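**Student:** Before anything else, here's the structure in question.
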Amino acid sequence: MILSQNTFAQDTSIYDKNQVFDPLFMTHDGTEFRSANGAPGPKYWQNSVNYNIHATLDEKDTLINGNVTINYTNNSPDELKYLWLQLDQNLFNPDSRGAATTLVTGDRFDVKGYKKGGYHIQSATVIYKGKTYKIDPVITDTRMQLRLPFTVKPNGDKIDVKVQYSFSIPEYGADRMGRLYTKNGVVYQLAQWYPRMCVYDAVKGWNTLPYMGLGEFYCDYGDFDYYVTVPADMIVAGSGDLQNAEQVLTRTEIKRLAEASKSDSTVFIVKENEIGDKSTRPAEKGMLTWHFKMHNSRDVSWTASKAFIWDAARINFPSGRKGISMAVYPIESKGYDAYGRATQYLKQSIEFYSKTYFEYPWNSAVAVAGVALGMEYPGIIFCSYRIGKANLWHDITHEIGHNWFPMIVGSNERRYMWMDEGMNTFINGYASNAFHHGEYGDTTNRSILGMARTMMRAKDPLMTPPESMSLRDYGQYYSKTAVGLNILRNSVIGPDRFDYAFKTYIDRWAFKHPQPNDFFRTMNDAAGEDLNWFWKEWFYETWKLDQSVKSVKYVDDNAANGALITIENLQQMALPVTLQITEENGNRNELKLPVEVWQRDSEWTFKYNSTSPITSVVLDPHDELPDINRKNNTWKSK
Ligand SMILES: [Zn+2]
């Protein structure tokens, strides 16, 4: 029978310890910009950018007409001869690179054959030291270069950029924005709706990777002051704080909002039977301008519709500050099993993440039911109007979780998708555990066996940029990262050390731009453990894990003298070992061995103080590790 166990096992190990414990991995020194301990260095800088935006929704022609004034501050040590802006709407131009690289069968981030997409840039001007210059923009796909007839000086020099633009609102905006036709009117979800600055940083200079669909965004921080003008019969919800409630809301709505801001249970602002009712709007005809402000954000988005039910409740922050959680949704999404609980899902997610990781810095948040399946923006999330119950909870807690990664911890999503999707999926698991006595279950570790199956076929490591990730593998940015962080937390360094280091990372990099190494170095430094072996195998490689029990022998052939147990690492990935050992006399013990046993070789023998013959040895008894062959995890005596 012992032999028959071995027939399942791979005979020879492919493990090479020097690949895992690689002395050449991450060996460069820290710099004055990014310290060796993973913190921003003494000379860390980033540029800042404030936006003033005016936009009008032209419903008849399905257009946005806008103008944006950007106050840009160059805090870099470099002179800037030119500026780069992001023109995300150009993805929806049928000639875009994103369209060219979409599979014939289409995909989720497709332009879906929209023929009128893309920005029309009417004018671009810059104002520098009191003088205005008209610039001929150089537009390449989703980027726009403004070549300046002067240089912006280093260390705090300022320049204003003004752009007049319009674009046709796609119906399906790569699952990130668009239009939804409902019984009582169109739900417009507006995002990537104004030209915005590319990030100039100390790592790449100007970050000009094009927007092609899957790879998301990278933006600098600043203050937003924006005005959206829409038909008077519409309700608008947006990122940040509404500035002119008296002009755009009725007395009743203002009263109900004040009530909601003192209530932990949900209060209706616009009820189902009030949709389309003239009494809900302060003006019957023409247009109304809604004015919002948001402080220290990387983006703003908004929604408008005459089909909205609107409800809200108070958010309680750890500091004692209060905020407001809201949901707007069409009648198709109403009810307790659907968006009737959206405000509570949002409120309780924000309260959990604020308490556990970092206090939400803004005052309001809103969940919008519309065409996008799930998309995040600061203070506003777009979720599918079609879902409810557990699916809606998971969608809302995920999209608002992105307000921590990458809206607060401002990583570069276009290059490192695992840094936002994966860290967010990781914290979502704990939010789900905490929600309403675990109503929607424990999701921190549910995917481990599925993860092993996925890892068996994965071709691309997590460090692969989104546009070169195989489309069937991009789910790994979410699941493999989250599973990896859970293994690190629960099976490698323990919750206390992990949580302290993870929170240190958030505190250090809130409203800044961390790189992968800043995360790896902070975790190493704050947890006090050289985890480079883990970073390499989990993020840079597609290695697999296969631990196995090779043999059990007794000292002098007598179980009372103790047992010599030999385990083997058959694949290239190394992780710590947990064993459950059961003896004939009923003794059962659990034993943990550190990953360092694999620093020796692919095989490790240790002494176990048995008192009677061992009946079974089980590796990874709680299914914590993505072991690809669990058949060789168990040794049995007969
Ligand atoms: Zn996400």
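**Student:** Are there strands (runs of 3 or more DSSP E) fully within the range 245-326 with at least 1 residues that are among the charged types (D, E, K, R), within 22 Å of TYR385 (Cβ to Cβ) and under 34 Å from the mean Cα position of the chain (by Cα)? List them.
**Tutor:** 309-316
**Student:** Residue check: is ALA99 within 30 Å of VAL371 (Cβ to Cβ), in a helix (DSSP H, G or I) and among the hydrophobic types (A, V, I, L, M, F, W, C)?
**Tutor:** Here the answer is yes, as ALA99 does meet what is asked.
**Student:** Any residue in the range 153-182 that's farther than 12 Å from TYR114 by Cβ: show its pairings with residues that are open to solvent by less than 30 Å² (accessible area, probe 1.4 Å) and aromatic (Phe, Trp, Tyr) at Cβ separation under 7 Å, as long as the two are six or more apart or on different chains.
**Tutor:** LYS158/TYR72; ILE159/TYR72; ILE159/TYR128; VAL161/TYR72; TYR165/TYR119; ASP175/PHE109
**Student:** If you don't mind, there's one more thing I want to ask. Going by the structure shown, is LYS592 open to solvent by 50 Å² or more (accessible area, probe 1.4 Å), in contact with a Ser or Thr (Cβ under 6 Å, 6 or more places away or on another chain) and within 23 Å of ALA501 (Cβ to Cβ)? If you could, list the steps in order and put the result at the bottom.
**Tutor:** Details: open to solvent by 50 Å² or more (accessible area, probe 1.4 Å): yes; in contact with a Ser or Thr (Cβ under 6 Å, 6 or more places away or on another chain): yes; within 23 Å of ALA501 (Cβ to Cβ): yes.
Answer is yes for this residue.
**Student:** Follow-up. Checking the structure you have, find out if any residue of the range 398-412 is modelled with pLDDT of 95 or more, open to solvent by less than 30 Å² (accessible area, probe 1.4 Å) and more than 16 Å from the ligand (Cβ to nearest atom).
**Tutor:** So far as the range 398-412 goes, no, none of its residues is modelled with pLDDT of 95 or more, open to solvent by less than 30 Å² (accessible area, probe 1.4 Å) and more than 16 Å from the ligand (Cβ to nearest atom).
**Student:** Where in the range 454-542 are there helices (runs of 4 or more DSSP H), lying wholly inside it, with at least 2 residues that are within 24 Å of PHE358 (Cα to Cα) and not aliphatic (A, V, I, L, M)?
**Tutor:** 476-487, 495-509, 516-527
**Student:** Failed condition for LYS389, given (1) within 15 Å of the ligand (Cβ to nearest atom); (2) open to solvent by 10 Å² or more (accessible area, probe 1.4 Å); (3) out of contact with any helix residue (DSSP H, G or I) (no Cβ under 7 Å at 6 or more places or on another chain), with all others met?
**Tutor:** (1) is the only condition that LYS389 fails.
**Student:** Still on this structure: Could you check ILE565 against (1) part of a strand (DSSP E or B); (2) surrounded by fewer than 13 Cβ atoms within 10 Å (Cβ to Cβ) and say which number it fails?
**Tutor:** Every listed condition holds for ILE565 apart from (2).
**Student:** Then there's this: When you check SER319 against the structure, is it of a type outside the set (A, V, I, L, M, F, W, C), surrounded by fewer than 20 Cβ atoms within 10 Å (Cβ to Cβ) and within 14 Å of the ligand (Cβ to nearest atom), yes or no? Please lay out each step first, then the result.
**Tutor:** Working: of a type outside the set (A, V, I, L, M, F, W, C): yes; surrounded by fewer than 20 Cβ atoms within 10 Å (Cβ to Cβ): yes; within 14 Å of the ligand (Cβ to nearest atom): no.
No.
**Student:** Let me ask you something else. Whether any residue in the range 414-427 is at pLDDT 95 or above and more than 15 Å from the ligand (Cβ to nearest atom) is what I want to check.
**Tutor:** Scanning the range 414-427 turns up at least one residue that is at pLDDT 95 or above and more than 15 Å from the ligand (Cβ to nearest atom).
**Student:** Take PRO149 and decide whether it is of a type outside the set (S, T, N, Q), in a strand (DSSP E or B) and open to solvent by 60 Å² or more (accessible area, probe 1.4 Å).
**Tutor:** So PRO149 fits the description; yes.
**Student:** Which one of GLN122, GLN89 is more than 20 Å from VAL49 (Cβ to Cβ) and not in a loop (DSSP other than H, G, I, E, B)?
**Tutor:** On the way: GLN89 fails: more than 20 Å from VAL49 (Cβ to Cβ).
Result: GLN122 is the single residue among GLN122, GLN89 that is more than 20 Å from VAL49 (Cβ to Cβ) and not in a loop (DSSP other than H, G, I, E, B).
**Student:** Still on this structure, I have one more. Could you please find all residues in the range 435-465 being at pLDDT 95 or above and either open to solvent by 60 Å² or more (accessible area, probe 1.4 Å) or within 16 Å of the ligand (Cβ to nearest atom) (or both)?
**Tutor:** LEU462
**Student:** Oh, and also: Residues GLU359, GLU332: which one is touching a Pro at 6+ places or on another chain (Cβ under 9 Å), away from the ligand (no atom under 16 Å from the Cβ) and open to solvent by 30 Å² or more (accessible area, probe 1.4 Å)?
**Tutor:** Testing whether each residue is touching a Pro at 6+ places or on another chain (Cβ under 9 Å), away from the ligand (no atom under 16 Å from the Cβ) and open to solvent by 30 Å² or more (accessible area, probe 1.4 Å) leaves just GLU359.
**Student:** With ALA237, ALA174 as the choices, which residue is among the small types (Gly, Ala, Ser) and outside any loop (DSSP other than H, G, I, E, B)?
**Tutor:** Being among the small types (Gly, Ala, Ser) and outside any loop (DSSP other than H, G, I, E, B) holds for just one of ALA237, ALA174, which is ALA237.
**Student:** Scan the range 201-212 and tell me whether some residue there is among the aromatic types (Phe, Trp, Tyr), more than 22 Å from PHE92 (Cβ to Cβ) and either open to solvent by 20 Å² or more (accessible area, probe 1.4 Å) or at pLDDT 95 or above (or both).
**Tutor:** Within the range 201-212, one or more residues are among the aromatic types (Phe, Trp, Tyr), more than 22 Å from PHE92 (Cβ to Cβ) and either open to solvent by 20 Å² or more (accessible area, probe 1.4 Å) or at pLDDT 95 or above (or both).
The values are calculated or read from the model by the stated rules, or taken from the named source; none is laboratory data. All of these numbers come straight from a predicted model, not from anything done at the bench. So basically every Cβ, Gly included, is an ideal-geometry build from the backbone, and we count neighbours across all protein chains shown. With ligands, DNA and RNA removed, areas are computed over all heavy atoms of the protein, side chains included. Shrake-Rupley method; radii C 1.70, N 1.55, O 1.52, S 1.80 Å.
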